[in-house]
1. Just checking, how many residues over region B:26-59 are modelled with pLDDT under 95 and hydroxyl-bearing (Ser, Thr, Tyr)?
2. Being away from every other protein chain (no Cβ under 14 Å), crowded, with 24+ Cβ neighbours inside 10 Å and either more than 9 Å from the ligand (Cβ to nearest atom) or not β-branched (Val, Ile, Thr) (or both) is the requirement here; does B:Ala391 meet it?
3. Out of (1) more than 10 Å from every other protein chain (Cβ to nearest Cβ); (2) out of contact with any strand residue (DSSP E or B) (no Cβ under 6 Å at 6 or more places or on another chain); (3) not hydrophobic (A, V, I, L, M, F, W, C), the odd one out for A:Gly61 is which?
4. Scan region B:185-229 for residues that are small (Gly, Ala, Ser) and either out of contact with any strand residue (DSSP E or B) (no Cβ under 7 Å at 6 or more places or on another chain) or not in a strand (DSSP E or B) (or both) and jot them down.
5. Which residue, of A:Lys227, A:Lys207, is under 28 Å from A:His139 (Cα atoms) and either touching a His at 6+ places or on another chain (Cβ under 9 Å) or away from chain B (no Cβ under 14 Å) (or both)?
6. Considering each residue of region B:85-96, count those that are touching a helix residue (DSSP H, G or I) at 6+ places or on another chain (Cβ under 6 Å) and either more than 13 Å from the ligand (Cβ to nearest atom) or not aliphatic (A, V, I, L, M) (or both), and give that number.
7. Restrict the check to region A:195-205 and report whether at least one residue is closer than 18 Å to A:Cys250 by Cβ, at pLDDT below 90, small (Gly, Ala, Ser) and under 19 Å from the mean Cα position of the chain (by Cα).
Amino acid sequence: MKLCRRFPMKLQQKMFSSKTTIDPQEIALFEKLTANWWDSQGPLKPLHAMNTLRVPLVRNGLINQGVVSKENIYSCTPLKGLSILDVGCGGGILSEALARLGAQVTGIDANPSAIDLAKHHALKNNLSINYLFTSIEEHAMENIEKYDAITASEVIEHVTNKEPFLDACVECLKPSGSMFMTTMNKTIFTEVFAIYAAENIFDLIPKGTHQIEKCIEPEQLQRILEKNYLQTKEIRGMFYNFLTNEWCWCLPTWISYSLHAVKPKERGRFLQKQLIK
Amino acid sequence: MIISKLIKINNSSALHRLKYKNLNFIRCFSDEAGSHFDIVIAGGGMVGTTLACTLGKNKTLNNKKILLLEASVNKPWIKSDKYSNRVVSLNPGTHKLFEDNGAWAFIEQHRFHIVKRLEVSDALSETSITFGKSEHTDTISYMVENDLVLEAAKNEAQKCNNLKILYGAKVKNYVLPDYHSDVSNIELENGEKFTCDLLLGCDGYNSSVRKAMQVDYVSWNHNQMGVVATLKFSNKFDNEIAFQRFLPTGPVALLPLTDELSSLVWSTTPQEAKRLLGISEEEFVAEINKAVCGPWKQSSTVLQATSAFDTLLRALNCSRDHSRKRPPKIESVEPGSRAAFPYGFGHASQYIRKGAALVGDAAHRIHPLAGQGVNLGFGDVACLNKVLGEAVYSGSTLSDLNHLKDYESARQKHNVPTMLAVEGLHRLYNTDFAPVVLLRGLGLQATHALEPLKKIIMAQGAV
Ligand SMILES: Cc1cc2nc3c(=O)[nH]c(=O)nc-3n(C[C@H](O)[C@H](O)[C@H](O)COP(=O)(O)OP(=O)(O)OC[C@H]3O[C@@H](n4cnc5c(N)ncnc54)[C@H](O)[C@@H]3O)c2cc1C
């Protein structure tokens with residue numbers, strides 16, 4: 001945090017160098033958005049509303065994995081004592097919700113103004129969240145196997161090189177840790193409804209926010225994670241009703257979906273199992 | 001613009017941190033803005049107090065500070081042999097809420113009366129409909145005095161560590177959050193100030209929270225008043241049937257309290273109510289006996305048609321229930337138990353706004369014809385408790401509209417049809433125009449014979 005304040009130029013250069021997976025065009029666009037980030041009925045209202053699905057996804061996922069202690073289930077802080085890394089945290093819409101549930105949250109984002117906004121908002125709301133302006137590749141170097149869970153919500157569809165991004169995420173995850181993602185599927189439905197119609201007809205999100213080429217199919221995502229020995233627990237379809245600004249779970253994963261994958265306890269044993277299969 | 005400003009502030013980080021800490025400090029403790037609570041409940045009537053104890057006992061809301069503000073002083077409840085003239089009929093949904101929040105134990109320790117059947121009849125067409133099984137097996141409602149309900153809720157509320165109750169605390173002014181702020185400011189008449197994230201208006205049908213929320217409110221006067229009294233029967237019996245009879249001036253209802261007492265709710269015109277309060281006790285008893293059992297001028301066409309309809313129903317093998325009972329003769333009225341209250345209809349088109357929600361009579365006021373008034377409010381309490389618990393368990397802030405709107409839509413879906421049905425019934429029965437009387441006579445017989453329809457009506461009343 002201090003580093004980025006003192007040498008912002010250096011970091012910026014680093015960020016945009018070909019080594020990282022961040023696309024400079026993407027960042028410029030997000031800067032435009034930050035002003036209205038925290039207006040729950042504003043331009044980012046779909047993201048605010050998505051918390052009604054993705055926070056329970058993380059909470060229940062961790063409860064089902066048995067990492068939440070019994071007395072914390074159904075308490076006001078079910079995620080107490082768990083450390084979570086929110087990759088691509090933006091202004092902190094998801095990070096703050098997880099922090100309110102008692103988790104120790106680290107939020108990283110490659111957009112410096114989003115991180116500033118996030119810090120400002122957390123301070124105002126008395127939440128202690130460790131926000132860092134960095135990339136996951138950078139962060140992974142010093143935080144190997146540090147987190148109980150990693151969330152990357154609505155992020156992977158903005159990443160050009162998906163494999164190194166996911167590799168770095170997995171690096172940061174403790175053994176038995178959980179990886180939670182939400183993103184858009186690479187289908188004609190996404191292209192027509194979630195991209196073309198949402199950006200051009202209904203003005204839900206700014207033009208150019210998403211590109212279909214950068215979306216990824218759940219099977220593809222699962223395959224990359226499997227290469228990292230992660231076992232996929234669940235893939236669920238998500239549906240956004242833009243008239244009521246409500247999200248709900250659905251069977252088809254044609255447009256949006258979530259994924260929960262778990263890192264093996266011991267890499268060796270998991271590998272053996274895979275080989276036997 | 002805003003971002004660059006924010007970033008500038010943020011960059012002088014140490015100074016900024018200090019500033020903000022101070023700001024928060026001011027928000028929480030200084031006299032200027034008043035102390036801060038997560039939830040403030042305005043109005044400690046039956047609904048507000050029940051809401052306070054229900055939220056206070058919700059495990060997922062354990063770390064929230066709650067404040068209950070009530071204008072009146074804290075009247076100690078004294079158990080007396082005499083029954084209060086204000087009683088409510090609590091439906092099974094409300095009973096469940098009170099079992100869940102722990103308040104039912106107190107009521108059970110003192111007194112309540114179970115109603116197993118409801119007999120509704122029409123004085124002009126002499127038709128009737130019965131709700132509840134003729135074998136008297138199911139409980140359709142529980143009669144409890146208002147102040148016992150209030151005391152039970154208060155008693156449980158006082159057990160909650162995160163809940164503070166202030167009596168004699170009349171609110172003078174509310175300033176609700178706007179685009180730039182996230183908290184509501186509350187000022188009491190004695191000058192005390194509070195801020196909160198979520199303001200819950202339980203301040204009755206004349207709600208000032210509703211006015212501060214600036215939501216549309218549809219209302220009209222019924223030009224009717226409710227005369228209440230405690231009545232004594234001439235003999236003891238299994239008093240487990242609530243009787244309601246529609247008279248041309250409005251319904252008269254006898255709600256069982258003990259095996260020899262019933263509570264009267266007689267809805268009538270303001271002039272008639274005034275007269276009923278003025279006459280002697282003997283005359284009053286005679287008037288009630290006539291209203292409950294006495295004959296009314298019946299149009300012969302109406303009578304002929306309803307008996308023909310009855311024959312038709314019998315032919316179709318869905319005959320009416322012949323176990324219909326009439327209440328026994330009333331002997332006396334408890335001295336000093338007579339009183340009258342005005343009726344009205346009102347409904348807020350929205351129950352929620354950023355940082356605020358309406359609960360109970362503040363959101364909806366109905367004719368107490370079906371004994372539903374306060375049950376709708378308790379239904380609101382159960383729903384809001386669930387919604388807020390889920391919101392917090394999902395990491396949301398209390399004032400998040402994405403959750404609050406679940407409360408609004410769920411409750412309006414329930415309340416609006418109930419209110420319209422009750423209002424419709426009220427209008428339907430508030431006439432002696434022969435064709436309408438005939439229609440409703442046939443209607444009552446038909447509903448009576450049609451079990452499934454009755455089930456629906458009962459289910460609607462139960463939540
Ligand atoms: C004759 C009659 C018979 C009825 N019979 C039945 C029945 O059989 N069954 C039934 O279910 N319902 C019945 N009702 C309806 C029932 O009484 C109401 O629905 C119920 O009382 C509403 O409760 P509440 O807590 O929402 O509002 P209220 O009881 O009106 O409580 C509001 C509270 O807010 C407080 N308050 C108001 N303004 C402020 C302020 N500025 N600052 C602080 N505090 C404030 C008041 O002091 C009061 O305590 C009947 C009503 C009448 C008139």
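1. Summing the residues that are modelled with pLDDT under 95 and hydroxyl-bearing (Ser, Thr, Tyr) in region B:26-59 gives 2.
2. Values: away from every other protein chain (no Cβ under 14 Å): no; crowded, with 24+ Cβ neighbours inside 10 Å: yes; either more than 9 Å from the ligand (Cβ to nearest atom) or not β-branched (Val, Ile, Thr) (or both): yes.
No; evaluated as a whole, the condition is false for this residue.
3. (2)
4. B:Gly191, B:Gly204, B:Ser207, B:Ser208, B:Ala212, listed by residue number.
5. Values: A:Lys207 fails: under 28 Å from A:His139 (Cα atoms).
Result: A:Lys227 is the single residue among A:Lys227, A:Lys207 that is under 28 Å from A:His139 (Cα atoms) and either touching a His at 6+ places or on another chain (Cβ under 9 Å) or away from chain B (no Cβ under 14 Å) (or both).
6. So the first thing to find is which residues in region B:85-96 are touching a helix residue (DSSP H, G or I) at 6+ places or on another chain (Cβ under 6 Å), and the list is B:86, B:88, B:91-94.
Filter again for either more than 13 Å from the ligand (Cβ to nearest atom) or not aliphatic (A, V, I, L, M) (or both), leaving B:86, B:91-94.
Summing the residues that are touching a helix residue (DSSP H, G or I) at 6+ places or on another chain (Cβ under 6 Å) and either more than 13 Å from the ligand (Cβ to nearest atom) or not aliphatic (A, V, I, L, M) (or both) in region B:85-96 gives 5.
7. Checked against the condition, which is being closer than 18 Å to A:Cys250 by Cβ, at pLDDT below 90, small (Gly, Ala, Ser) and under 19 Å from the mean Cα position of the chain (by Cα), region A:195-205 yields no hits at all.
Rundown of residues vs (1) outside any loop (DSSP other than H, G, I, E, B); (2) surrounded by fewer than 22 Cβ atoms within 10 Å (Cβ to Cβ); (3) in contact with a helix residue (DSSP H, G or I) (Cβ under 6 Å, 6 or more places away or on another chain); (4) within 13 Å of chain A (Cβ to nearest Cβ), yes/no style:
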| position | (1), (2), (3), (4) |
| --- | --- |
| B:Ser399 | no, no, no, yes |
| B:Leu404 | yes, no, no, yes |
| B:His414 | yes, yes, no, no |
| B:Val422 | yes, yes, yes, no |
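The values are calculated or read from the model by the stated rules, or taken from the named source; none is laboratory data. Keep in mind that what you see is a predicted model, and the values were worked out from it rather than measured. When we count neighbours, we look across all protein chains shown, and the Cβ atoms used for this are built from the backbone with ideal geometry, even at glycine.
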